[in-house]
Amino acid sequence: MSLNDLVEAIPRKTMVLFFLIDTSGSMSGSKIGAVNTAIDEVIPELKDVSAANADAQLKIAVLEFDNSARWLTGDEPVHIDSFCWKYAEAGGNTALGDACIKLNNALSVKTFMQDAVGSFAPVIILLSDGEPTDEYERSLEELKKNNWFKASIKAAVAIGNDANKDCLARFTGSLESVLEVHNKTGLKQLIKFVSVRASQVASRSVQVNASQEVSLKQNVLNEQLTQIKEIIVQNGSDEW
């Protein structure tokens with residue numbers, strides 16, 4: 001067996017990228033259209049991120065929520081090379097609480113994280129344009145007790161004027177990791193930027209202990225988000 005064969009035989013760690021997408025009625029039209037286009041277009045870039053990373057292989061899980069929450073990607077994360085985006089549709093309410101419950105159940109070695117033991121903590125990206133319509137507080141507090149959630153790298157995109165940024169900040173842990181956008185061009189740019197940068201940051205090996213690693217990676221991502229905020233806000237005049 002050659003050295004190359006030995007290197008190829010070493011299994012790469014897994015890093016799961018979670019998208020939580022608000023598909024309520026207020027997202028209909030150009031908003032959900034921009035989300036669909038952005039995710040569809042960013043997949044080749046994420047495949048490149050995974051292919052170029054000797055440490056980690058990337059998997060994706062997508063949770064949509066309106067009157068209730070459901071996994072668009074099925075009962076387990078999908079490897080990026082096999083992932084095919086099926087366009088989401090919008091209608092109904094904003095059941096963020098149910099989304100928190102579904103995510104909490106998924107962040108377990110018995111379910112979505114069974115292949116990720118000893119691997120990189122996940123990335124969680126939340127997209128929403130409104131106010132939760134269910135009692136989400138208790139579900140969110142339970143989710144925050146989840147060790148995978150605690151260790152995850154998080155970001156949120158507040159879409160339009162009616163998005164509850166304080167709620168999104170409670171989810172991510174800080175306003176620094178919440179980005180606000182008011183046009184289609186900016187929304188597409190943000191989704192693509194956050195998806196790629198968060199995946200790159202989260203799947204990078206760093207020589208620190210676990211608690212320091214979470215803080216370090218989140219801070220690195222927040223700094224990059226701060227740098228991109230002004231650029232995104234200024235770009236595009238195509239309002240909803």
Along Cα→Cβ, 7 Å out, is where each label goes; now give me the distance between the ones at Asn164 and Ile228 in nm to one decimal. 2.6
Calculated FRET efficiency, Glu135 and Gln212, Cβ-Cβ r, R0 45 Å, to nearest 0.05? 0.80
GluC sites (Glu not before Pro) within the stretch 25-119: DSSP coil, no more than 15 neighbouring Cβ in 10 Å: Glu89
Classify the stretch 13-57 from the C-alpha gyration tensor, please: rounded if a/c falls under 1.5, else prolate or oblate depending on whether a/b exceeds b/c. oblate
Calculated [θ] (222 nm, deg cm²/dmol) that DSSP helices of n ≥ 4 give over the chain, each run adding -39,500 (n - 2.57): -14000 deg cm²/dmol
Where both partners of a DSSP beta bridge lie in the chain, what percent of those bridges are antiparallel, to the nearest 5? 15
Taking the chain and dividing mean pair separation by its residue count, relative contact order in percent (alpha carbons under 8 Å, at least six apart): 22
Cut-off under 5 Å, modelled amide H: who pairs with His79 long-range: Ile60
Over 29 Å (Cα to Cα) among Lys165/Lys188; Lys102/Lys192; Lys47/Lys165 -> Lys47/Lys165
Summing +1 per Lys or Arg and -1 per Asp or Glu among the other residues with Cβ less than 11 Å from Ala99's Cβ gives -3
Given the Cα atoms of the chain, and with Rh set as the inverse mean 1/r over their pairs in the Kirkwood sense, what is Rg to Rh to two decimals? 0.96
Mean Kyte-Doolittle of at least 1.0 and a Cα length of 20 Å or more along the axis: which whole DSSP H helices of the chain meet both? none
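Bear in mind that the values in this text are calculations on the coordinates, not laboratory data. This one's a predicted model, so the numbers in the text were calculated from it and none came from an experiment. Backbone-built Cβ (ideal geometry, glycine too); neighbour counts: all protein chains shown.
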